[in-house]
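The values are calculated or read from the model by the stated rules, or taken from the named source; none is laboratory data. What you see is a predicted model, and the numbers here were worked out from it, not measured in a lab. Cβ: placed from backbone, ideal geometry, glycine included. Neighbour counts: every protein chain shown. Ligands, DNA and RNA are excluded from the accessible area calculation, which covers all protein heavy atoms including side chains. Shrake-Rupley method; radii C 1.70, N 1.55, O 1.52, S 1.80 Å.
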Amino acid sequence: MALIALAFRCFLLRDRHFGSAISNTGLSRLELPCVKSLGSEWRNVVVAPGSDGSGQSEQKPKDSTSLFSGLWRQEKAVSYSTLLKDIDARKIKQLELVPAKREVRVQYKDGRRFTVPVFANDNQILRAAESSGTALTVVDVRREQASRELAGTLFMVLLLVIGLSLLLRRSAQMANKALGFGRSQPRLKPQDDLQVRFEDVAGLNDARQELEEVVTFLKQPESFTRLGAKIPRGVLLIGPPGTGKTLLAKAIAGEAGVPFFSMAASEFVELFVGVGASRVRDLFRQAKEKSPCIVFIDEIDAVGRQRGAGIGGGNDEREQTLNQLLTEMDGFAENSGVILLAATNRADVLDAALTRPGRFDRRIDVGLPDRRGREAILSVHARSRPLDPSVNLAEWATRTPGFSGAELSNLLNEAAIFTARQGCSTIGDQHLEAALERITLGLGSRPLQDNAKKRLIAYHEIGHALVASLVPASNRVDKVTILPRGAAGGYTRFMPDEEQMDSGLVTKSACLARLVVALGGRAAEQVVFGSLEVTQGASGDLQMVSQLAREMVTRFGFSSLGPLALEAAGSEVFLGRDWFNQKPGYAESTGQAIDSQIRTLAKNALHQAVGLLEPRRQLMDRLVDALIDEETLSGDRFRALAELT
């Protein structure tokens, strides 16, 4: 605004100076500098003095083809001096003087219209029009200005109203968000989106049978209620990660044909105390409105951990959420028709009040599949993938002990990726083999170029494989290779005993055999290169030996200390409950005896491995040469070279 006022003041001073200069020079009105307009009939420019002001006396430009000259001729306007002459010559039909804009609108008798700028308080136009008898009208634009100012004011008021309305709307949204902060946001799955059925769940026959009864409860409750049976309030799915707990929940939702709410337990926990409990109440309120229905809470250990485990036993937000969940599941309020389905892989940390009958009436263990279960899972995931006819899924089920359903699905997916990368049309055994190594050991690296290092790794791996083939209770050798993969320079893969894995029972002879096989690589280095030339390549093996030996002594009772369980299975402590109570439950002398027993087991295992390899030095050299030449030996090829078949 200050710049506009300064420019306007300079313009007034210029006009005043220009008027005084004209009066001082004594020029007549016909001798004034010619004011001409360039452009359309309402656009004006000022030309240099000396123009004659008449349209007839102007000389045409020499370059008639010039665009500027053409525009000049087309947009020729009337100057101030020419206007005065035309008024005196009575060529003007009408004049409209606009003092506020310092202009006069001219209409000639031939129909032409122009706008000519004039001076402030210009009386020459008035005298000329009066002397020539030309009609002159003075236009008052104050009403137009008032109208424009009113329109501008109304526009500003309108903008202010719109801004206030947007601000109020934003405030209302924030208020609604604050009021709805305690509302839960469960995902209600429509029946069209629930495409998973029980036939899509393979390898979990026992768990599926348990859950089929829940579906029957929902579909035909009268067959149970007439005998006095009640619908289970809750079903807790317990199992390792990737075993299909969430898939089972989806199958129940697809089979039952009732509304299915799904929510993660972590969505209940917030920074503000009381929000989680409010969301639990809102979740069960929505579920009761649509009963019978199923509510699935994934990873319930996020809110179901044992109470009183914090420092000082404080009542934090998670504990309030758990208290509200316990009340909703089995409290004074009736919630019949709502089945709570929850999944966790940490059942050991759940609160006892949550897992008791009346809340979670059924506990279903979803464990790792056995060989037949793995074959069924592979068959389900192979439906949408083109397998080569030579692929035997039963064999691959045997080669993947301990794999969960998610890992088997990932195996086929990685095999499909390898197949597409190589441009093949079907998935073969070589693609499945590459996928298995990629999952279990990581990405492959470049082959070793150092012959000395390659030979050292070959002796190490041959030591593992040869000791495993000589110890009766050890696992069967499946593959030996010196190709680097992941952090390993080479590796020996074994086939675990399927019956032992299914039963979950481990014998003392099997544990001792694992110790001997794990130290087979260190024993081979010691036999071939000497005690001073052994490397740190067996560091991972030594960690495994130490852990297994400690478990044999402190948990399994496989030592001279007797059948005692001196330590529990390793688990994370609860902050506040176990942090300050980590002293072992045995005396210091007993701890020294435990360390002595662990050292004895490790030394005996190494001595046994060295005793197996020393008399077979020539066989080791022959196997190492074959491994260096071929880089990878299958289990059958290794046993054929070692003449152990």
| Candidate set from region 353-363 (those that are under 19 Å from residue 246 (Cα atoms) and in contact with a Leu (Cβ under 6 Å, 6 or more places away or on another chain)); member that is surrounded by the most Cβ atoms within 10 Å (Cβ to Cβ) | 360
| Considering only region 259-281, how many residues are farther than 17 Å from residue 354 by Cβ, modelled with pLDDT of 80 or more and among the hydrophobic types (A, V, I, L, M, F, W, C)? | 2
| Can you find even one residue in region 510-518 that is in contact (Cβ under 8 Å) with a residue 12 or more places away in the chain and either over 19 Å from residue 476 (Cβ atoms) or assigned to a loop (DSSP other than H, G, I, E, B) (or both)? | no
| Based on what the data block shows, is residue 419 touching a strand residue (DSSP E or B) at 6+ places or on another chain (Cβ under 8 Å), farther than 24 Å from residue 496 by Cα and at pLDDT 90 or above? | yes
| query | Is it the case that region 494-503 has a residue that's within 22 Å of residue 639 (Cβ to Cβ) and part of a loop (DSSP other than H, G, I, E, B)? | reply | yes
| note | Expected output for region 131-142 (first residue touching a residue at least 60 places away in the same chain (Cβ under 8 Å) and closer than 13 Å to residue 90 by Cβ, partner in a loop (DSSP other than H, G, I, E, B) and open to solvent by less than 50 Å² (accessible area, probe 1.4 Å), Cβ below 8 Å, 6+ apart or cross-chain) is none
| query | So which residues in region 532-565 are farther than 12 Å from residue 511 by Cβ and open to solvent by 80 Å² or more (accessible area, probe 1.4 Å)? | reply | 532, 533, 536, 543, 560, 563, 564, 565
| query | Can you name the residue in region 534-558 that is out of contact with any Asp or Glu (no Cβ under 7 Å at 6 or more places or on another chain) and charged (D, E, K, R) and, of all such residues, is nearest to residue 595 (Cα to Cα)? | reply | 550
| request: Within region 235-261, work out how many residues are assigned to a helix (DSSP H, G or I), out of contact with any Leu (no Cβ under 8 Å at 6 or more places or on another chain) and either crowded, with 22+ Cβ neighbours inside 10 Å or not β-branched (Val, Ile, Thr) (or both). | output: 2
| message | Quick check on my filter: what residues within region 216-234 are over 19 Å from residue 357 (Cα atoms), open to solvent by 60 Å² or more (accessible area, probe 1.4 Å) and part of a loop (DSSP other than H, G, I, E, B)? | response | 220, 226, 227
| task | Among the residues of region 358-396, write down those that are over 20 Å from residue 429 (Cα atoms) and part of a loop (DSSP other than H, G, I, E, B). | result | 358, 359, 360, 361, 366, 367, 368, 369, 370
| task | Give the residue that is nearest to residue 401 (Cα to Cα), with candidates limited to residues of region 412-435 that are touching a residue at least 40 places away in the same chain (Cβ under 8 Å) and not in a loop (DSSP other than H, G, I, E, B). | result | 432
| remark: Being modelled with pLDDT of 90 or more and open to solvent by less than 50 Å² (accessible area, probe 1.4 Å) narrows 387, 341, 350 down to just 387
| query | Just a yes or no: is a residue in region 590-597 modelled with pLDDT under 90 and in a helix (DSSP H, G or I)? | reply | yes
| note | By residue number, the members of region 92-145 that are open to solvent by 30 Å² or more (accessible area, probe 1.4 Å), hydrophobic (A, V, I, L, M, F, W, C), in contact with a Lys or Arg (Cβ under 8 Å, 6 or more places away or on another chain) and not in a loop (DSSP other than H, G, I, E, B) are 135
| message | It is to be established whether one or more residues within region 66-76 are modelled with pLDDT under 80 and touching a Ser or Thr at 6+ places or on another chain (Cβ under 7 Å). | response | yes
| query | Is it the case that residue 391 is touching a residue at least 60 places away in the same chain (Cβ under 8 Å) and either over 26 Å from residue 232 (Cα atoms) or hydrophobic (A, V, I, L, M, F, W, C) (or both)? | reply | no
